[in-house]
Amino acid sequence: MTVQVGDQIPQATLMTMTPEGPAPITTDELFKGKTVALFAVPGAFTPTCSAKHLPGFVERADEIRAKGVDAIVGVSVNDVFVMGAWGEQAGAGDKVTLVADGNGEFTRAVGLEMDASKFGMGGRSQRYSMLVKDGVVKQLNVEQAGEFRVSSADFLVDRL
């Protein structure tokens, strides 16, 4: 079942790249006591994700934070090394925290997985964004297949 507005974010452990190397990070660490803009992409370094999705959140990070968001988190079913390299290439710095859901456990737990096998990518995340306050989903914007509109930084900023 897909997570809905009003639902608690499920418990999961993801991975993030730190200056010391890969490190686990729990959903409690990401969301507890914070307002978080979360976005998910089907894959790091894929065309729309790299040309529009992540860059939009990097470019609008200050504006998003000025509207009361404590952190911006991007997640993908990729390994932590890929996510680290993607963030570096995109200039995410301290604007966007990228987390790896390498086994797709978080993605399945929120019910937003998709089968990208026909593209040779296996199980991946749907493209979406959400606003989470203290671990509770306050806004959920899931794209229709192949679209990039409601999960964008622009769409989220307009609704903050």
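Every number in this text was worked out from the coordinates using simple rules, so none of it is lab data. Bear in mind that the values here come from a model prediction, so they are computed numbers and not experimental data. Ideal geometry is used to build each Cβ from the backbone, glycine not excepted, and the neighbour counts take in all protein chains shown.
For the reader, a short list of remarks on this structure follows.
- Relative contact order, percent, region 1-58 [alpha-carbon distance under 8 Å, six or more residues apart]: 18
- A Förster radius of 25 Å, combined with the Cβ-Cβ distance separating GLN139 from GLU105, puts the computed FRET efficiency at roughly 0.60.
- Lysines with Cα under 16 Å of LYS32, excluding same-chain neighbours fewer than 8 positions away: LYS133, LYS138
- With semi-axes defined as the square roots of five times the eigenvalues of the C-alpha gyration tensor, the equivalent ellipsoid of the chain measures 19, 18, 17 Å, largest first.
- Normalised by the number of residues in the chain, the mean separation of alpha-carbon contacts (under 8 Å, six or more apart) gives a relative contact order of 31 percent.
- The sum of -39500 (n - 2.57) across all DSSP H runs of n ≥ 4, divided by the residue count of the chain, sets its helix-only mean residue ellipticity at 222 nm to -6000 deg cm²/dmol.
- Environment charge of GLY33, counting only residues whose C-beta is closer than 13 Å and scoring Lys/Arg +1, Asp/Glu -1: -1
- Region 125-160 and region 20-74 have Cα centres spaced 11 Å apart.
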